[in-house]
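Please treat every number below as a calculation from the coordinates, not as lab data. Computed from a predicted structure; not experimentally measured. Here Cβ is always computed from backbone atoms with ideal geometry, including for glycine, and neighbour counts include all displayed protein chains.
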Amino acid sequence: MDEKLEKLRIDKDTPRLTSAGNRTFWMITGIAGVVVFLLLLLYLQQRAVTVETTTVVHVYPTQSFTVLHASGYVVAHRKAAVAAKTTGRLEWLGVEEGSRVRAGQVVARLENRDLAASFDQARATVQAASSALEQVRAELTDASQVFERHKELLKLGIVAQADYDAAEARYRRTVAGVAGAEASLRAAEAARRGTEVALDYSLIRAPFDAVVLTKNADIGDIITPLGAAANAKAAVVTIADLSSLEVEADVSESSLAQVKADQPCEVTLDALPGVRFRAVVHTVVPTADRSKASVMVKVRFIDRDDRILPEMSAKVAFLKRTATKEEQQPRIAINPEALSGQGTTRQVFRIVDGKALVTDVAPGARLGDVQEVSGLQPGEKLVLRPLNRLKNGSRITVRDK
């Protein structure tokens with residue numbers, strides 16, 4: 001027990017820390033604290049900031065004076081399913097999808113050897129009738145001359161009355177023969193024209209200048225006007241006049257008051273998202289669709305483009321006024337909340353490789369809900385918020401939407 005108490009006794013002779021050693025201790029502790037603080041500050045600076053983003057876009061000034069939007073489809077005002085007037089087997093087809101045809105051009109032909117033979121026969125009949133007419137006309141000339149001589153000779157008493165009567169009868173028969181031959185020739189020519197028309201019906205022609213949209217039959221198919229027979233086709237090709245393209249858009253009844261004839265419009269196509277086409281209201285169809293509570297409005301293109309095709313999906317913007325040439329050009333714009341700073345030069349934070357980089361931009365006109373700027377490219381990503389927690393080069397992460 002005494003030994004344990006002895007160990008617990010404090011030795012008053014043990015040396016204590018001097019004042020110099022005490023200062024050294026607190027100096028080391030302070031340095032360590034500063035190092036920890038700097039490391040913590042560096043960590044906080046390098047920590048990624050979660051941000052919301054926006055995109056630099058192309059906008060058109062016409063968006064600021066658009067009164068109504070509607071959707072629809074591109075259609076051809078002039079469109080036809082080209083078919084034959086008679087029934088027959090398709091023997092030749094001279095076009096395909098995309099072929100351009102002229103008015104009256106033969107695009108297909110049915111088997112027509114029997115019709116061609118009938119036409120040749122009718123033409124020969126016409127020639128025979130024409131020859132017969134020439135023959136009786138020659139006889140008429142001779143009979144007329146004989147009759148005139150007998151008339152003079154009868155006055156002089158040189159010929160008998162019987163000879164005169166015979167010459168007169170022959171003349172009258174010849175006159176009647178000429179009339180009959182002329183009638184036969186007219187009948188033969190009518191028959192020839194009939195066979196010619198029938199032969200022409202076997203040739204399928206384009207009714208107007210157009211482009212072939214679809215090919216509905218192939219060589220060997222039976223073509224009939226009504227398409228009632230089994231496996232028979234009514235139309236050979238479908239064509240459309242692409243110069244007559246227009247947009248049929250559905251406008252709700254409640255918005256119809258904002259649409260009028262000849263109103264300027266802009267048309268965008270899903271197939272050509274970066275292009276806007278000038279257009280004008282052609283007509284408002286005077287009937288409503290009760291199932292959709294809408295009225296069809298036909299919008300005619302002013303700008304022609306070979307890339308515009310029938311049945312393309314289209315969106316129509318109805319404008320308050322006609323756009324100027326400058327207003328038809330796209331502008332670069334952003335959400336105005338992405339701007340920071342004041343004055344004629346403002347700043348935005350572009351997102352590049354996970355960092356926010358400060359970029360100077362020059363703001364322009366306000367275009368509806370967006371702000372026109374210069375110095376950026378469409379498609380670039382910008383920080384929308386928070387801007388007060390960022391500086392040039394800050395690491396960022398994009399907030400999930």
> At K292 and V67, where each label point lies 7 Å from the Cα along Cα→Cβ, what is the point-to-point distance in nanometres?
Replying inline: 2.2 nm
> Residue by residue, what Karplus-based ³J(HN,Hα) values in Hz, rounded to whole numbers, does the stretch 204-215 have, using 6.51, -1.76 and 1.60 with θ = phi - 60° and x for Gly and Pro?
Replying inline: 8, 10, 6, x, 7, 5, 6, 10, 6, 8, 9, 10
> In deg cm²/dmol and to the nearest 500, what is the mean residue ellipticity at 222 nm of the chain if only DSSP H runs of at least 4 residues count, each as -39500 (n - 2.57), divided by the residue total?
Replying inline: -11000 deg cm²/dmol
>> Just to be sure I understand the model, the point goes 7 Å from the Cα along the line to the Cβ. What's the resulting V352 to E52 distance in nm?
In response: 2.6 nm
>> Debye calculation, C-alpha points only, no solvent: report log10 I(q)/I(0) for the stretch 114-254 at q = 0.13, 0.16, 0.18 Å⁻¹, in the same order as the q values.
In response: -0.81, -0.96, -1.04
> Hey, with R₀ at 30 Å, roughly what FRET efficiency would Q121 and V175 work out to, going by the Cβ-Cβ distance, to 0.05?
Replying inline: 0.50
> Hey, what did the chain get for relative contact order, percent, Cα under 8 Å, at least 6 apart?
Replying inline: 26 percent
> Nearest 0.05, what FRET efficiency do E134 and D200 give at R0 = 35 Å with Cβ-Cβ as r?
Replying inline: 0.75
>> Could you give the length gained by full extension between T87 and I302, i.e. 0.36 nm per residue of separation minus their alpha carbon distance, to one decimal place?
In response: 73.2 nm
> Gain in length, R278 to D221, computed as 0.36 nm per residue apart minus the alpha-carbon separation, to one decimal in nm?
Replying inline: 16.2 nm
> Using θ = phi - 60° and the Karplus curve 6.51 cos²θ - 1.76 cosθ + 1.60, what whole-Hz ³J(HN,Hα) does each residue of the stretch 370-381 get, with Gly and Pro shown as x?
Replying inline: 10, 10, 6, 9, 10, x, 10, 10, x, x, 5, 9
> Candidates (1) 199, 55, 40; (2) 105, 60, 48; (3) 78, 54, 36; which is the computed Cα extents along the principal axes in Å?
Replying inline: (1)
> Scanning the chain for helices, which whole DSSP H stretches are 20 Å or more long along the axis (Cα) and average 1.0 or more by Kyte-Doolittle?
Replying inline: 19-46
> What residues have an amide H closer than 5 Å to that of Q263, excluding those fewer than 5 places away on the same chain, when H is modeled at 1.01 Å from N in the peptide plane?
Replying inline: V281
> Relative contact order for the stretch 260-364 using alpha-carbon pairs under 8 Å, separation at least 6, rounded to a whole percent?
Replying inline: 22 percent
> Between E189 and L156, what FRET efficiency follows from the Cβ-Cβ distance if R0 is 45 Å, with the result rounded to 0.05?
Replying inline: 0.50
> What is the list of residues in the stretch 197-215 whose amide nitrogen lies under 12 Å from a point 7 angstrom out from the Cα of E96, following Cα to Cβ?
Replying inline: 215
>> Restricting to DSSP loop positions (anything but H, G, I, E, B) with no more than 13 other Cβ atoms inside 10 Å of their own Cβ, which trypsin sites (Lys or Arg not before Pro) remain in the stretch 240-280?
In response: K260
> What length, rounded to one decimal in nm, is gained on full extension from V106 through to E182, with 0.36 nm per residue of separation minus their alpha-carbon distance?
Replying inline: 23.8 nm
>> In Å, what Kirkwood hydrodynamic radius results for the stretch 189-261 from the alpha-carbon pair distances?
In response: 16.5 Å
> HN-Hα J couplings of the stretch 232-240 from phi, Karplus 6.51/-1.76/1.60, θ = phi - 60°, integer Hz, Gly and Pro as x?
Replying inline: 8, 10, 8, 10, 8, 9, 10, 10, 8
>> Can you give me the C-alpha center-to-center distance between the stretch 280-330 and the stretch 342-401, rounded to a whole angstrom?
In response: 35 Å
